[in-house]
Amino acid sequence: MQLQGVGMTSQRTRQRLAQRLMDQGVSNIAVLDIMSATPRHIFLDEALSHRAYEDTALPIGYGQTLSQPYIVARMTEILIGASSSLDCVLEVGTGSGYQTAVLAQVVKKLYSVERIKPLQDKARERIRRLGFRNVEFKHADGGFGWAEKGPFNAILSAAAPRIVPEELKAQLAPNGVLVIPVGGDRQELQLIVRKGDTDKFMTQVIEPVKFVPLLAGVTR
Ligand code: SAH
């Protein structure tokens with residue numbers, strides 16, 4: 001598939017998407033630039049690629065979805081705004097790799113964990129094709145974080161646990177931030193910040209969201 005895209009996958013279509021995101025309240029210019037520069041269509045199967053710039057979640061197989069552009073932009077913007085450093089960042093739930101591609105452009109080093117092996121393999125190939133060299137992948141249950149690579153300045157989860165895993169909080173660096181959807185049928189996006197180098201955390205509720213659940217264990 002073409003990287004640049006034509007027609008419904010073209011640069012112009014992506015710019016319209018960035019405009020829509022701005023209308024929805026995304027205000028970080030760097031994030032809007034990245035959203036208009038990052039091809040979303042290569043993260044979908046060819047049959048769906050013409051819908052890549054609609055602001056909706058789209059199926060990527062295995063019962064999982066490519067996140068809605070608005071939520072990708074919003075979470076990235078929150079991460080940038082809340083963290084003092086983005087040197088070392090963890091993503092839980094690689095999925096298609098779209099959020100991975102967006103994050104790779106704002107952080108120094110990105111670690112991304114996915115529990116479904118075929119999704120991870122596809123995502124890794126897409127990230128390689130786009131030329132990002134600052135991303136490492138792991139096939140594992142991301143609910144346990146990735147302790148060897150931490151502590152992290154920021155952690156972003158694209159899957160919702162019912163309660164926030166202690167391991168993720170434990171792997172936050174001083175002043176580190178965790179952006180995570182939490183809940184079951186009803187979910188809210190939370191921003192959790194470690195207070196300095198203490199074991200105290202501040203939780204802020206951002207907005208209601210709808211994510212796939214964070215599941216235990218891995219799938220081959
Ligand atoms: N931002 C991604 C969202 C994918 S959906 C995208 O735009 O494509 C969330 C992903 O989290 C799914 O791929 C799912 O398999 C993964 N996931 C769910 N529970 C997980 C866990 N415990 N560890 C790692 N990944 C998990």
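Computing the accessible area with a 1.4 Å probe over protein heavy atoms, can you report the carbon and sulfur percentage for segment 55-112? Don't skip to the end; give the middle numbers.
Details: 850 of 1680 Å².
C and S atoms contribute 50 percent here.
Extension gain, Ile163 to Met202, is 12.5 nm, computed as 0.36 nm per intervening residue step minus the present C-alpha separation. Summing +1 for each Lys or Arg and -1 for each Asp or Glu among the other residues whose beta-carbon sits under 14 angstrom from that of Thr13 gives +4. Here's the picture: charge each Lys and Arg Cβ at +1 and each Asp and Glu Cβ at -1 in the chain, and of Leu86, Ala147, Val106 the one pushed furthest to the positive end of that dipole is Val106.
Per-residue Karplus couplings for segment 196-206, computed as 6.51 cos²θ - 1.76 cosθ + 1.60 with θ equal to phi - 60°, are listed in order as x, 9, 8, 9, 9, 10, 10, 10, 10, 8, 8 Hz, Gly and Pro entered as x.
With Cα atoms defining each centre, segment 110-140 and segment 43-107 are spaced 12 Å apart in the structure.
Under 18 Å of direct C-alpha separation, and excluding same-chain neighbours fewer than eight residues apart, Lys200 reaches these aspartates and glutamates: Glu166, Glu167.
May I ask for the net charge around Thr219, where only other residues with Cβ less than 13 Å from the Cβ of Thr219 are counted and Lys, Arg are +1 while Asp, Glu are -1? Numbers along the way, then the final one.
Numbers: positive: Arg115, Lys117, Arg220; negative: Glu114, Asp121, Asp141.
Result for the local shell: 0.
Residues whose amide H lies under 5 Å from that of Ile155, counting only those 5 or more places away or on a different chain, are Leu90, Val177, Leu178, Val179; hydrogens are built 1.01 Å from N in the peptide plane.
The values are calculated or read from the model by the stated rules, or taken from the named source; none is laboratory data. Note that this is a predicted model, so its numbers are computed, not measured. Cβ atoms come from the backbone with ideal geometry, glycine included; neighbour counts cover every protein chain shown. These area figures cover heavy atoms from the full protein model, side chains too; ligands, DNA and RNA do not enter into them. Shrake-Rupley method; radii C 1.70, N 1.55, O 1.52, S 1.80 Å.
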